[in-house]
Structure formats: structure tokens, C-alpha cells
1. Restricted to segment B:384-407, and to residues that are at pLDDT 90 or above and either over 30 Å from B:Gly184 (Cα atoms) or in the same structural domain as B:Asp80 (by TED's automatic domain parsing) (or both), which residue is surrounded by the fewest Cβ atoms within 10 Å (Cβ to Cβ)?
2. In this structure, is B:Ala61 loosely packed, with under 15 Cβ neighbours inside 10 Å and of a type in the set (A, V, I, L, M)?
3. Is there a residue being in contact with a Ser or Thr (Cβ under 7 Å, 6 or more places away or on another chain) and within 19 Å of B:Gly365 (Cβ to Cβ) anywhere in segment B:231-242?
4. Here is a check on your reading of the model: is B:Val344 on the phi < 0 side of the Ramachandran plot and buried (at least 18 other Cβ atoms within 10 Å of the Cβ)?
5. Determine the pairs where a residue that is more than 27 Å from B:Ser81 (Cα to Cα) and buried (at least 18 other Cβ atoms within 10 Å of the Cβ), located within segment B:128-143, has a partner that is at pLDDT below 90 and not polar (S, T, N, Q) with Cβ atoms under 7 Å apart, the partner being 6 or more residues away or on another chain.
6. Among the listed residues B:Ala232, B:Ala209, B:Ala242, B:Ala203, which satisfies the condition of being touching a residue at least 24 places away in the same chain (Cβ under 8 Å), within 17 Å of B:Tyr177 (Cβ to Cβ) and surrounded by fewer than 18 Cβ atoms within 10 Å (Cβ to Cβ)?
7. Quick one: would you say B:Gly94 is at positive phi and in contact (Cβ under 8 Å) with a residue 60 or more places away in the chain?
8. Taking segment A:1-54, which residues are away from chain B (no Cβ under 13 Å), among the hydroxyl-bearing types (Ser, Thr, Tyr) and under 12 Å from the mean Cα position of the chain (by Cα)?
Amino acid sequence: MSVKLTITRQMEEIAREHGKILAPLRDDLVLLDSGLDSLGFAVLVARLEDKLGVDPFTASEEAVFPVTFGDFVKVYENGAH
Amino acid sequence: MARIEPPSLRQCLGPAERFLYDRHARACLCELQAGTVLGGRLAELADKSVLVATASQLTTALALIELDGVARRLTILPPDSDPDHLAAIVGDAGIEAVVLDRASPASAAFAGTRQVVCTGEIAPAPQLPEPARVTEWVMLTSGTTGVPKMVVHGVAGLTAAFRGRTLDSDVVWGTFYDIRRYGGLQIFLRAVLGGTSLVLSSAGEPIAAHLERLGDNGVTHLLGTPTHWRRALMSPAIAAIAPRYVRLSGEIADQAILDNLRKTFPQAVVSHAYASTEAGVAFEVRDGLAGFPAEFVERARDGVEMKVRDGSLRIRSPRAAARYLGADAALADRDGFVDTGDMVELRGERYLFAGRRGGIINIGGLKVHPEEVEAVINRHPRVRMSLVRGKKNPVTGAIVIADVVLKEAGHKPAADDGAGEIDRVKGDILQFCRDVLPRHKVPAAISIVPALDVAATGKLARHHG
């Protein structure tokens, strides 16, 4: 499964669990407009570490949490390599 | 007006035109000097123990200003308080009257009290009772299981960290942090006593709209928890604000969030403050580094003394609370030191925060006791035992995770359906948690493990700072 698809699946699952409606995940979607809140993203990062074996934000002090979905996927694609 | 010391909030308003803002309204503070938000009923609340239980922060703020110096005791109900705790709060604080607004939920716990509606609109009232006493303020803690502890403060202690300091006339305060919690209340009091306007947050407002509003109102000084700030930095609307003073409190400020804020606001002072509801404001760190200089512990500063015993930070301070209401527990030890329960570690010349004693997990400012979550997981019919702990998280500081031992732990599921079966059990346990726990207490992830360490005491081995 691609990194992007894994992230998409996890976001859908968390939205369902938290009773949120997920916006269509286009690359230019601002993450804060996706329907997930801070707790939702916290859970997402924890689940992705489980699935992809990396938490790029905690691994590096430099990493800034991205603004858009496309940039978020890129951080993981770079971190997974 | 009568002279009381310290003067009441209403006596500090002054003639300058300044405002309290929320998403829906603004209130001109100078009008409150001869005005009422309580329908002119302030006299009924004189010398009473009053619970301020309004839904919006704006109505809370206005009611607090009107009541300070008149009511005997003001108890501030935080947002999202558990309705099941209201009866105990009303009983322990001896509540005689409740201030509500139009959005406050009704509660049977308020039966028998006088109920006063705060409209949020200031009506002229030339004949209000004058402030004539020093009011006791009561804040509720967030760190306990069950009914929150009620912490008694005086206005003198609540304002000691900044009283007598004058602010520039162009300062406008803003806070992401709710003013019904200790950190947010500090900023409310700073604004009222410092003669500035204050922009409050509103429940349900999208972060982008909130940031635009902070920018439109010219906010220069802005407070948030690290979690609030991380969320703000995720919004393109962060460009709408240009604060010159950025303050963090309520959670551990790590180096990453301090660096990101410095990068985003190069012109601003980035400061992190340490305070607790019990110990009050202890110190502020402005050098851009996580933790605090070791010399803070060696020397008393502004009357605040600190020491480290058994790894936790202890504080003796004129800003500390006086006592708990309705609890037998002492707030301070015999020497007057409050044990904050925050664990610190000395690294060279600096103390760094290492989490809470007892493994209490701080999730974006909301505290979770692992035992409370374990108790729920352990009720699941297939669970033998569980261990809940915090895991570092770049969004909320920490997140809850759980290790679970199943009753049939020795049994290895068949290879063909093993993974699917494990996922089903995990999903089932999570659903079980979601049914009874608030969202932030539900584990983000569950690991099924063959066994958990048990310490020599017979208790689960908890590995934490």
C-alpha cells in the first residue's frame, strides 16, 4: 500500500471513530479544514508510526507540522525512505 | 467608592475606552463602572457564595468584574465540567447563588440557589452596591479523577505576578487558553488591571476565523498552550497575526515548538511560563530554550522559592493558593511548599521537565490518569490486564496508548486468521473505551502483549520520569 493510501485510510478511520466528516483529500487541502481536530491529528501521527514505522515530527526537532495534505504526505514519503 | 486592598476589579477599570471581544460581541469595560450585566441584581449577591457557570467566556469575564469585591466567594466553573460533579461543587463551596447565561445548561444541582442571568450586555446602573470586601476566588483543578479539587485564592495572590507593572497603551491581549483555567485567568486579570483590551476565544470557532479576529483586533500579546500554538501554526491564517509577545503555559514547552514560534515571529519575545492552579505563577523563561535555568532553584525570585525533592518541583510562594475547599488534603507541606507533581531532571545548568508523577498524562492541557483508562479496558471480557501510558506526540504533547494482555494470552491464534482476529479484538476494546470515556482518554493505539512487568510491590511496573 502506498504511503498516501495508508494515510488516507487512517484519516478516514479516525474521522469515523471521532464522528467527524472528512473533506475530500486533495493535495492542496488545508489539514485544519479536513474535519480532524488536534486530537485527531495526534491519533493519526501515533497510528502512522505503527503502520509506517516512523514519526517524522518527533524524530527531528526541525520538522514543522505541515499546512496542507500534500505536504503532510511528502513528510512521510521522505521519512519512510 | 469604599477602599479595599487590593482594590476590586471594577475599581481598576479606569476611564480609558477598551474592550472585551469574543466571536459574537464586544463589551466596553469602562461602561461597567456604572453598569450591570446582571440585570441590576448585584445587591442580591452581596456577601454570597456565587458560582459563575456561564457558557461563554465573555459573560464569565463581565460577571467576575461586576461581582469582585461584592460577593463573598466566586467559584469559576470551567467549560466541559461534568454535570455529575455539580452537586458536589455546589455543596462544598456552599453555593448560594448561580450566575448563568442563555446558553448554560439547566441543572438540578442548582435547585435551591438564587439564579441570576448574565446577559453580556451592559445596562446603565448608577445605584450598584460598592465593592466593600476582599472576595475569595475558587478555581477547579483538571488533574484529578472524580470531582475536581477546589482551590481557594485571593485576588492579591492571583495578581502578584504582575501587579504594579504598567503596560504600554497599545497593548492588546489575546488568549487561546480559556480564562476559566488558571493560565487563562492570569491573562484576563493582566488585561483588566493593566488597562488593555482582551480578545477571548469562542467555543466552536474555526482556528482560521479566530486568527483573523485576533489580527483584526490588533492583538500584540498572545497566550496559548503548546497544543494551541501547534494548531495555530498549522493554519495559513497564522499570517494574520503579528504578536510581539508570545506566551506559552499549561503544558511542557519543548524545544521544537519554541523554535517554530521564533521562526514564525522573529520580532516577538517567545516566553514560556510555569504555573499551577495550586502553586500559582512560579516563573517565566524568555531565553528561547526549553526547561529553566538551574539558578532559579537556588535563589528566591520575587518571593517565589523553589526546590526539587524526590525529583519533583516544590514551590513556596505568595502567589500560591490558600487551601482546598471541602477536601481534607493539605495544599502545602508543613514548611509551606506546594508539591507540583511535575518531575524535573537536571541537565548541566538547566532543569528539564520530565512529565507528571504517577504517570499522569497531559494531552493538550487535559490530564488523564492511566488507572482510570485501565479500569475501563480491564472490564472488557477478553482482557486479563492492561497498562496505559503516555507517548510523546508532536500535536498534543502526549497521547494515550495501552498495552493489553488477553485472557487467552498463551494461546497462539492460527496463522491464517491471527492478524484479523487481533485487529478485531483491538477494535472491540477501543469501541468499548469510546462508549464510556471522553475522546482524549481513549487510547490512540493498543498493543496486544504476552505479559506486563509486575514490580516487587505486586503492582504494575510503570516506567516513567
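1. Applying the filter and picking the extreme gives B:Val405.
2. Against the criterion (loosely packed, with under 15 Cβ neighbours inside 10 Å and of a type in the set (A, V, I, L, M)), B:Ala61 does not qualify.
3. So far as segment B:231-242 goes, yes, one or more of its residues are in contact with a Ser or Thr (Cβ under 7 Å, 6 or more places away or on another chain) and within 19 Å of B:Gly365 (Cβ to Cβ).
4. Yes, satisfied.
5. Correct list of pairs: B:Pro131/B:Met1; B:Pro131/B:Ala2; B:Pro131/B:Ile4.
6. B:Ala203
7. Spelling it out, it is not the case that B:Gly94 is at positive phi and in contact (Cβ under 8 Å) with a residue 60 or more places away in the chain.
8. Answer for segment A:1-54, where residues must be away from chain B (no Cβ under 13 Å), among the hydroxyl-bearing types (Ser, Thr, Tyr) and under 12 Å from the mean Cα position of the chain (by Cα): A:Thr6, A:Thr8.
The values are calculated or read from the model by the stated rules, or taken from the named source; none is laboratory data. A quick note: this is a predicted structure, and the numbers were derived from the prediction, not measured. Methodologically, a virtual Cβ is constructed for each residue, glycine included, from the backbone with ideal geometry; neighbour enumeration extends over all protein chains shown.
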